[in-house]
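The values are calculated or read from the model by the stated rules, or taken from the named source; none is laboratory data. Computed from a prediction, not measured in an experiment: that's the story for all the values here. No Cβ is skipped: glycine too gets one built from the backbone with ideal geometry, and neighbour counts run over all protein chains shown. These accessible areas exclude ligands, DNA and RNA; they are computed on the full protein's heavy atoms, side chains included. Shrake-Rupley method; radii C 1.70, N 1.55, O 1.52, S 1.80 Å.
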Amino acid sequence: MTTAEIGGKRAPGRPRSRAAEEAILKAALALFLDHGVEGASIERIARRAGVGKTTIYRRWSSKEELLAQAMGRVRENAERDMGVTDFRDFAEMPLGPTLRLMMETGAELMASDENRKLLARLIGSVQSHPRLMAIYWETYLRPRREAFGVMLDQAKARGELPASADTAMLQDMMGGAMLHRLLIDPAPPTAEDLRAYLARLLQQLGLTEPAGG
């Protein structure tokens with residue numbers, strides 16, 4: 001006798017598993033944002049997502065892996081909204097217009113309270129939970145950094161950047177400046193503030209021409 005013959009009900013399948021995974025990721029992110037790593041226990045995540053702990057452990061071997069994927073999902077959604085699937089896809093395009101487009105489409109997302117809170121939580125966890133950052137770096141940050149580096153290297157090969165430009169250092173400088181504006185400056189930026197700041201940053205780094213130039 002098949003499952004369909006027992007009460008006419010179908011067995012749980014992939015759609016239900018996908019829904020459970022989304023609920024777990026959403027619960028993990030919410031708890032991490034509100035309570036940090038310590039407050040985002042597997043027990044609390046399972047309870048909030050409405051699943052058993054075994055459902056979580058079947059998908060993730062540790063809390064750190066789960067939290068890294070939850071944060072990665074935010075980044076992936078933001079990149080999708082910006083029209084970015086892989087920075088290498090933009091390697092053949094002129095650098096200045098490409099960066100300006102990313103800046104225009106991404107400023108509102110980067111300036112959001114949720115994004116700023118997520119960054120603060122992640123950075124605050126570096127010393128106390130180094131494995132979380134290690135997983136997030138290897139899984140999400142390093143591949144994107146390498147892909148963005150390809151885009152910068154291609155721009156340098158076309159003469160859009162000085163031949164002596166250190167593209168890895170350029171990325172460090174961009175990241176540091178962004179963290180300063182988003183987290184250290186006491187005045188939270190609006191999307192317009194951030195667009196103006198990014199425009200000045202890119203110009204100072206030699207990544208775009210002056211406006212109207």
Efficiency of FRET between ASP193 and ARG145 - r from beta-carbon atoms, R0 25 angstrom, step 0.05: 0.50
Computed E for ASP34/LEU101 - FRET, C-beta separation, R0 22 angstrom, nearest 0.05: 0.05
query: At a probe radius of 1.4 Å, what is the per-residue accessible area of SER61, in Å² to the nearest 10?
result: 80 Å²
- prompt: Plugging the Kirkwood radius over Cα pairs into Stokes-Einstein for the chain, at a temperature of 25 °C and a viscosity of 0.890 mPa s, what D comes out in µm²/s?
  reply: 126 µm²/s
message: Under a crude label model (7 Å from the Cα following the beta-carbon direction), how far is SER164 from THR55 in nanometres?
response: 5.9 nm
field: Range of Cα positions in the stretch 86-145 per principal axis (Å), largest first
entry: 41, 25, 12
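Convert 4 °C to kelvin, take the viscosity as 1.567 mPa s, use the Kirkwood radius over C-alpha pairs of the stretch 132-213 as Rh, and evaluate the Stokes-Einstein diffusion coefficient in µm²/s, rounded to a whole number.
91 µm²/s
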query: Which percent of the accessible heavy-atom area of the chain goes to carbon and sulfur, probe 1.4 angstrom?
result: 54 percent
- prompt: For the chain, what is the accessible area per residue in Å², given a 1.4 Å probe and the full set of protein chains?
  reply: 57 Å²
Non-local Lys pairs in the chain, i.e. 8 or more apart or on different chains, that have alpha carbons under 26 Å apart: 6
- request: Return the FRET efficiency for the residue pair ASP153, SER41: r is the Cβ-Cβ distance, R0 is 41 Å, and the value is rounded to the nearest 0.05.
  value: 0.45
field: Gain in span if fully extended, ALA120 to ARG88, counting 0.36 nm per residue against the direct Cα distance
entry: 8.7 nm
